[in-house]
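Each remark here refers to the structure printed beneath this line.
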Amino acid sequence: MATQENQPIIPPHGNYQELLSYQKAEVVYDLTFRFCQSFLKKGDRTIDQMVQAARSGKQNIVEGSKASGTSKEMEIKLTNVARASLEELCWKIIAITCGCGILPSGTKIPERRGMPEKQEISPM
């Protein structure tokens, strides 16, 4: 169904598999799994937390992309959840690698490049 200007009522939304953020999140998920196998003891609760954070980051990008056709607000919320999950994962990896001497103590998460600051969403 289209409006008078031949514009669809529901705007098109991207294919999440083509999103660079999704492609990177997939790599992060795979590397997290391998990292946990290599550096953490089997049965460690941290493994579950890290793998879940990586999976959550990837899955929320998928869900945000799917929601983008009907709700930009939901897309932004899910994207922020994905970002928070991946940031949590980053902190855990830094804590573990600093703790076992792989990275120097006091290592910080690199600044986000090319990403705008969080913006408040006003209700419509």
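Excluding LEU40 itself, what net charge comes from residues whose Cβ is under 15 Å from its Cβ, given Lys and Arg +1 and Asp and Glu -1?
On the way: positive: ARG34, LYS41, LYS42, ARG45, LYS92; negative: ASP44, ASP48.
My count for the surroundings of LEU40 gives +3.
Could you please report the charge total around ALA53, scoring K, R as +1 and D, E as -1 over all other residues with beta-carbon less than 12 angstrom from its beta-carbon? Kindly include the intermediate steps, with their values, before the conclusion.
On the way: positive: ARG55, LYS58, ARG83, LYS92; negative: ASP48, GLU87, GLU88.
Here the charged neighbours net out to +1.
Legend: ranking of residues SER65, SER71 from fewest to most surrounding C-beta atoms inside 10 Å; resulting order SER71, SER65.
In whole angstrom, region 39-83 maps to an equivalent ellipsoid with semi-axes of 29, 7, 6, each derived as √(5λ) from the alpha carbon gyration tensor and ordered largest first.
Placing pseudo-labels 7 Å out from each Cα toward the beta carbon at LYS72 and LEU40 gives an inter-label distance of 3.8 nm. For region 16-99, report the % of Cα-Cα distances exceeding 17 Å. Pairs farther apart than 17 Å: 46 percent.
Where a number appears in this text, it was derived from the coordinates with a stated rule and is not lab data. Please read all numbers here as calculations on a predicted model, not as lab measurements. Here Cβ is always computed from backbone atoms with ideal geometry, including for glycine, and neighbour counts include all displayed protein chains.
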